[in-house]
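Note sheet for the following structure.
The values are calculated or read from the model by the stated rules, or taken from the named source; none is laboratory data. None of these values were measured; they are calculated from a predicted model. Positions of Cβ are generated from backbone atoms using ideal geometry, with glycine treated the same way; all protein chains shown enter the neighbour counts.
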Amino acid sequence: MTRKVGFSPLEAAVYTRLTTHASTSSYSVYSHVPPNASPPYIKIGGFSGTRSESFGNRDEDVEDNMFALDIWGDSEHMGNKQVAEMMNNATIAITSSDLSITGYDAPPRCLLDFSEIMLDETEPSEPIYHGILRFRLDMNPS
């Protein structure tokens, strides 16, 4: 089997899930944020991966992948409540059922690997809350 990197089909599956799931379908979701986009929104990105040996066979072409979701609140909501709610909803959407990823067997279950909320004060006049979610999953090419 030819080894491949599944970031593009993974991104497409995550985008589809976030834009169609009841918990997140009302949010703007971007892979590339347009210059005129205003928060609140979710940005998909931060992909990384390694060969996985979690299946017990060193010859498996399984990918152990991670991806991040950046959650940006709007400056009118100065607390982190809005971002925390969006992070919760995104986690529900991503982990509620297996993702269907084109070119991969056995739709993988995503597990939450990391989460954080921080205050971004890059623009001192408009501080904004930024949440980060990182998910991990094994993908087995078909």
Check your understanding: Quick one: is residue 50 at pLDDT 90 or above, of a type in the set (S, T, N, Q) and outside any loop (DSSP other than H, G, I, E, B)?
Key -> no
Check your understanding: Does residue 140 satisfy the condition of being in a strand (DSSP E or B) and touching a residue at least 12 places away in the same chain (Cβ under 8 Å)?
Key -> yes
Review point. Just wondering, is there one or more residues in region 94-111 that are touching a His at 6+ places or on another chain (Cβ under 8 Å), among the small types (Gly, Ala, Ser), without any contact (Cβ under 8 Å) to a residue 60 or more places away in the chain and part of a loop (DSSP other than H, G, I, E, B)?
Key: no
Study note, to complete from the structure: The correct count of residues that are at pLDDT below 95, out of contact with any helix residue (DSSP H, G or I) (no Cβ under 8 Å at 6 or more places or on another chain) and in a strand (DSSP E or B) in region 53-78 is 3
Practice item. Evaluate the following for residue 136: is it of a type outside the set (Asp, Glu), at negative phi and either more than 12 Å from the chain's Cα centre (by Cα) or at pLDDT 95 or above (or both)? Key: no
